[in-house]
Amino acid sequence: MRRMLGVAVAICALLWAAWWVHPGGATTPGTLVVGLVAEPTSLDPGQLTDINSMRVLSNVYDTLVQFTPGTFDLIPGLAASWSISPDGLAYTFKLRRGVRFHDGTPVDAAAVKFTYDRLLDPRHPYHNTGPFPFAPFYYGAIKEARVVDPYTVRFVLKQPFSPLLHNFTLNTGRIVSPAAIKKWGKEFASHPVGTGPFTFVSWEKNVRVVLQKNTGYWNGAPALDRLVFRPLPDDQTRVTELLSGGVDFIVDVSPDNIAQLKRDKRFQVYEQPGPHIWWVTLNTKKKPFDDVRVRQAVNYAVNKEAICRDVLKGTCTPAAGPVPPAITWAFSEQVKRYRYDPAKAKALLREAGYPNGFSATFWVPESGSGMQSPKIMAEAIQADLAAVGIKAAIQTYEWGAYLGQYGKGLGTADMGAMSFMLDPGDPAPMLSLVIDGQAASPHGFNSGYYNNAKVNRLLRDATLTVDQAKRGALYRQASAIVADDAPWIFIDNAMQTAAAVRRVKGFVLSPTFYLFFRSTSVQ
């Protein structure tokens, strides 16, 4: 009896130790605990502007079309098939039969129409559940969504829009339950209902989002029983939590820790070149950055090669222009490149009338998906600018607050850090959001108010052109002009990174930067 009691006490002690060391609960087979880079901003896909939140919702919702895992190759999603009219003005989708939302209501043509009408029609009774900031850029060419029959929906366009099919893969266009929208109204952002491989359980703000297996998933139930996302904004904290067992999986691994994790046989590291760009937006409406010479000067002043080598430890390449090299068909090597040249920077500043430099306000997020190590990078940029006489005062914000602030435009600020993932494998949505003059804040994400009529025209011509080779030529022309105009400090193109314990099996990085866990297991 005494021996049994001793064993029981020992077992209890072990269980207590396991709970204490692993407060995230990352020790149960069938449960995957993921360390995110920030707190989600919303669980309504139409509202999102950040990849971090999209990484959660890619497991709750589906899209009409999707990509083969690990590629940008289109395959059917909720739509079993599709066709495009010869004039490019009608996209018709045949939906899978028998698919249901997590609330049990059917996925039919009416639900698809509801999803897009809510995003695009200000008169729609549930348009006020937004805002939906990216919807006009991704889907603004749609004139009308028509129900052809219960399982056929047709999108009629105002004009041809070549990126549209790829844009249907994006988070903004994930199909939502009309019944849930009608039930929850504005609170739908905290009560998501989709068709994805996992269903929503709970969201404890700043602590965790919990999902569970959708046993009736149309594409086969996931291997995991439970999926938990924990916001861990600090880079080192994410790694520490992985090392200690608090999480099973982390994204955006700190460059300082990649080699350490690769050496440790308990872990596996995932890496993939991605369609990513990190830049500093310059306020082109406000002195001194209304002068192109000053904008070019700060590009010469910043040592991007050193940032990639010393700060980001080789996990990136210096950026050249607004299109990342991963989008091979639209990327151009023939753009103005700003090699590190502080003497050139000083000469341009003198020419522009700032021989002694100037002071500037520099907005920076504390963390954020795709932002790599924003505070450390900002400090390196600050030091380089100081060397040519520019005193940049850094102001930091929590990621969600930063997105709200940045989205309103730089206003009285001079500079603001930002990154973008070209998640549809096409430059059109990103460039339309951040470069087109019509997208100047508050009408889009062009927060530095850059406006060049020729660039605007090239971007619109590219969306009207079906032939990819011709589209690529238009984007290369636009990139060359933007590089000369220097509305940004072009910093780097990142490699996507993640790490997990060895018990995690079947995970594949997506070039979209979303996270898909349907085929992932924890053994």
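The values are calculated or read from the model by the stated rules, or taken from the named source; none is laboratory data. Since we're looking at a predicted model, the values are computed, not measured. All Cβ positions, even for glycine, are placed from backbone atoms using ideal geometry, and neighbour counts span all protein chains on display.
Values computed for the structure shown
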{"quantity": "Criterion (in contact with a strand residue (DSSP E or B) (Cβ under 9 Å, 6 or more places away or on another chain), surrounded by fewer than 23 Cβ atoms within 10 Å (Cβ to Cβ) and either of a type in the set (Ser, Thr, Tyr) or not in a loop (DSSP other than H, G, I, E, B) (or both)) met by exactly one of Ala473, Ala498, Ala469", "calculated": "Ala498"}
{"quantity": "Near pairs, Cβ below 6 angstrom, 6+ apart or cross-chain, from the range 110-123 (under 16 Å from Tyr151 (Cβ atoms)) to any residue that is assigned to a helix (DSSP H, G or I) and of a type outside the set (A, V, I, L, M)", "calculated": "Ala111/Pro178; Phe114/Pro178"}
{"quantity": "Search result, residues across the range 176-194 that are crowded, with 22+ Cβ neighbours inside 10 Å and either free of Cβ contacts under 8 Å to residues at least 24 places away in the same chain or of a type in the set (S, T, N, Q) (or both)", "calculated": "Ser177"}
{"quantity": "Failed item, numbered, when Arg339 is tested on (1) of a type outside the set (Val, Ile, Thr); (2) in contact with a His (Cβ under 8 Å, 6 or more places away or on another chain); (3) farther than 25 Å from Glu39 by Cβ", "calculated": "(2)"}
{"quantity": "Complete set of residues in the range 385-399 that are under 25 Å from Asn257 (Cα atoms) and crowded, with 22+ Cβ neighbours inside 10 Å", "calculated": "Trp399"}
{"quantity": "Hey, Val21 touching a helix residue (DSSP H, G or I) at 6+ places or on another chain (Cβ under 7 Å) and modelled with pLDDT under 70 or not", "calculated": "yes"}
{"quantity": "Odd one out for Ser202, checked against (1) in contact (Cβ under 8 Å) with a residue 24 or more places away in the chain; (2) surrounded by fewer than 18 Cβ atoms within 10 Å (Cβ to Cβ)", "calculated": "(1)"}
{"quantity": "Only one of Pro231, Pro197, Pro150, Pro222 that is touching a helix residue (DSSP H, G or I) at 6+ places or on another chain (Cβ under 8 Å) and in contact (Cβ under 8 Å) with a residue 24 or more places away in the chain", "calculated": "Pro150"}
{"quantity": "Qualifying residue in the range 449-463 (condition: part of a loop (DSSP other than H, G, I, E, B), surrounded by 20 or more Cβ atoms within 10 Å (Cβ to Cβ) and not small (Gly, Ala, Ser))", "calculated": "yes"}
{"quantity": "Residue among Asp264, Asp291 that is in the same structural domain as Leu433 (by TED's automatic domain parsing), among the acidic types (Asp, Glu) and more than 18 Å from Phe420 (Cα to Cα)", "calculated": "Asp291"}
{"quantity": "Filter result for the condition that a residue is hydrophobic (A, V, I, L, M, F, W, C) and touching a Gly at 6+ places or on another chain (Cβ under 6 Å), over Leu385, Leu433, Leu403", "calculated": "Leu433"}
{"quantity": "Gly425 vs. criteria surrounded by fewer than 24 Cβ atoms within 10 Å (Cβ to Cβ), among the small types (Gly, Ala, Ser) and within 15 Å of Arg471 (Cα to Cα)", "calculated": "yes"}
{"quantity": "Residue check for Thr328: out of contact with any Asp or Glu (no Cβ under 7 Å at 6 or more places or on another chain), buried (at least 20 other Cβ atoms within 10 Å of the Cβ), at pLDDT below 95 and of a type in the set (S, T, N, Q)", "calculated": "no"}
{"quantity": "Residue within the range 81-95 that is buried (at least 18 other Cβ atoms within 10 Å of the Cβ) and either in a loop (DSSP other than H, G, I, E, B) or at positive phi (or both) present", "calculated": "no"}
{"quantity": "Any hit, the range 348-369, residues being charged (D, E, K, R), surrounded by 15 or more Cβ atoms within 10 Å (Cβ to Cβ), touching a residue at least 40 places away in the same chain (Cβ under 8 Å) and farther than 29 Å from Ala478 by Cα", "calculated": "yes"}
{"quantity": "Odd one out for Ala486, checked against (1) buried (at least 23 other Cβ atoms within 10 Å of the Cβ); (2) of a type in the set (Gly, Ala, Ser); (3) without any contact (Cβ under 8 Å) to a residue 24 or more places away in the chain", "calculated": "(3)"}
{"quantity": "Selection count where residues are more than 19 Å from Asp234 (Cβ to Cβ) and not hydrophobic (A, V, I, L, M, F, W, C), scope the range 250-271", "calculated": "8"}
{"quantity": "Helices (runs of 4 or more DSSP H) completely within the range 230-341 that count 1 or more residues being under 18 Å from Phe513 (Cα atoms)", "calculated": "235-244, 255-263"}
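Conditions tested, residue by residue: (1) out of contact with any helix residue (DSSP H, G or I) (no Cβ under 9 Å at 6 or more places or on another chain); (2) under 30 Å from Pro163 (Cα atoms); (3) touching a residue at least 60 places away in the same chain (Cβ under 8 Å).
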position	(1), (2), (3)
Met371	no, yes, yes
Asp384	no, no, yes
Ala392	no, no, no
Glu398	yes, no, yes
Gly404	yes, yes, no
Gly409	yes, yes, no
Asp423	no, yes, yes
Ala428	no, yes, yes
Leu431	no, yes, yes
